[in-house]
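K.L.:
One structure coming up, written as structure tokens, with questions to follow.
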Amino acid sequence: MDGRYGNTRRKGIYLLPNLVTTGGLFAGFYSVVASIDGNFNVAAWAIFTAMLLDGLDGRVARLTSTASEFGKEFDSLADMVSFGLAPAIVVYQWGVERLAEYGAVWGRLGWLAAFLYVAAAAFRLARFNSNVAQDRRFFQGLASPAAAAGVASMIWLATSYEGFDGLAALVAGVTITAVTGLLMMSRFAYVSFKDINPGRRVRFAQLLLIPLVIIIIALEPPVTIFALFVVYAASGPAAWFWHRRTKRHDSVTP
């Protein structure tokens with residue numbers, strides 16, 4: 001045997017967590033395909049599915065002690081497709097193409113906003129991977145899965161109710177996409193909810209909040225989910241302004 005290969009040890013990968021990650025990658029890919037076919041509700045649900053699988057792959061890796069550097073890099077690349085590229089293409093297929101009907105300038109602004117979202121997602125993921133000293137309790141900038149959920153719920157809301165097809169609605173949708181991208185690139189602190197311990201004892205009254213939230217979401221799912229995104233997306237800038245105001249007040253108070 002050639003000496004160049006005789007001492008080479010073949011490396012394998014852990015199947016289970018990477019299989020879950022592959023499922024999330026497929027969901028992102030399917031979202032793109034569905035949007036090209038004009039099935040925007042399906043495209044939105046595919047992004048939500050990718051979010052679910054993205055939350056599972058890390059837990060599966062930790063529970064089975066199969067975490068690896070390969071899995072981390074693969075997960076990041078899958079996130080770029082599912083939470084970066086897919087939402088931007090869904091927005092493009094839903095609104096940017098129709099914006100061009102109102103003039104070339106509107107069309108250019110639309111696809112630039114979609115590209116801004118893609119670039120912001122790439123920036124956000126690269127910063128997350130390189131920032132090893134980050135506080136586990138908070139995200140720096142809006143997390144890409146949350147951003148994708150906001151865009152997906154916006155599309156779901158717009159396609160579920162009539163009256164979201166005029167110029168104003170299309171401009172609002174593209175603007176929300178661009179602002180979401182800017183929030184991903186921002187340094188606003190967002191609660192990560194990673195410090196929640198599901199095995200911790202809670203009061204019975206707190207447990208009743210779970211069915212209450214489910215009922216509220218079930219009444220008007222697209223409206224409720226988009227409203228939750230707006231509240232969460234606004235929490236970062238709101239907390240920043242509050243802390244800045246408090247700090248300024250403390251410095252002025254003798």
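K.L.:
Between residue 77 and residue 101, what is the label-to-label distance in nm when each label sits 7 Å out along the Cα-to-Cβ direction?
P.N.:
It is 3.9 nm.
K.L.:
For labels at residue 115 and residue 19 in the simple 7 Å Cα→Cβ model, what's the distance in nm?
P.N.:
Calculated label separation equals 4.1 nm.
K.L.:
Continuing with this model, one more query. Gain in length, residue 191 to residue 136, computed as 0.36 nm per residue apart minus the alpha-carbon separation, to one decimal in nm?
P.N.:
Computed gain between residue 191 and residue 136 is 18.9 nm.
K.L.:
In whole Hz, what ³J(HN,Hα) sequence does segment 63-79 give by Karplus (6.51, -1.76, 1.60; θ = phi - 60°), x for Gly and Pro?
P.N.:
After applying 6.51 cos²θ - 1.76 cosθ + 1.60, I find 5, 9, 6, 10, 5, 8, 5, 4, x, 5, 5, 5, 4, 5, 5, 5, 5 Hz.
K.L.:
Want the number for residue 247 to residue 52: 0.36 nm per residue separation, take away the alpha-carbon distance, what's left?
P.N.:
Stretched fully, the residue 247-residue 52 segment lengthens by 66.4 nm.
K.L.:
I want to check the label-to-label distance for residue 216 and residue 126. Put each point 7 Å from Cα in the C-beta direction and report it in nm to one decimal.
P.N.:
A separation of 3.8 nm, rounded to one decimal place.
K.L.:
In addition: What does the charge count near residue 169 come to, summing +1 for each Lys or Arg and -1 for each Asp or Glu among other residues with Cβ under 12 Å from its Cβ?
P.N.:
-1
K.L.:
Also, I was wondering about something else. Could you order peptides 155-161, 72-78 by the average number of other Cβ atoms within 10 Å of their residues, highest first?
P.N.:
Result, highest mean first: 155-161, 72-78.
K.L.:
I would also like to ask the following. Which three lengths, in whole Å and largest first, does segment 13-247 cover when its Cα atoms are put on their principal axes?
P.N.:
In descending order, the Cα extents are 55, 46, 38 Å.
K.L.:
Whole-Hz ³J(HN,Hα) for each residue in segment 37-45, computed from phi via Karplus 6.51 cos²θ - 1.76 cosθ + 1.60 with θ = phi - 60°, x for glycine and proline: what do you get?
P.N.:
Those phi angles translate into 7, x, 8, 6, 4, 5, 4, 5, 5 Hz.
K.L.:
Mind giving me the FRET efficiency for residue 231 and residue 59? R0 is 22 Å, r the Cβ-Cβ distance, nearest 0.05 is fine.
P.N.:
Approximately 0.30, to the nearest 0.05.
K.L.:
5 Å is the cut-off here: which amide hydrogens, built 1.01 Å from N in the peptide plane, fall below it relative to residue 192, excluding neighbours closer than 5 in sequence?
P.N.:
Correct list: 138, 139.
Read-outs throughout are calculated quantities, based only on the coordinates presented, and are distinct from any laboratory measurement. These numbers come from a predicted model, not from an experiment. Quick reminder, even Gly has a Cβ in these numbers, built from the backbone with ideal geometry, and neighbours come from all protein chains shown.
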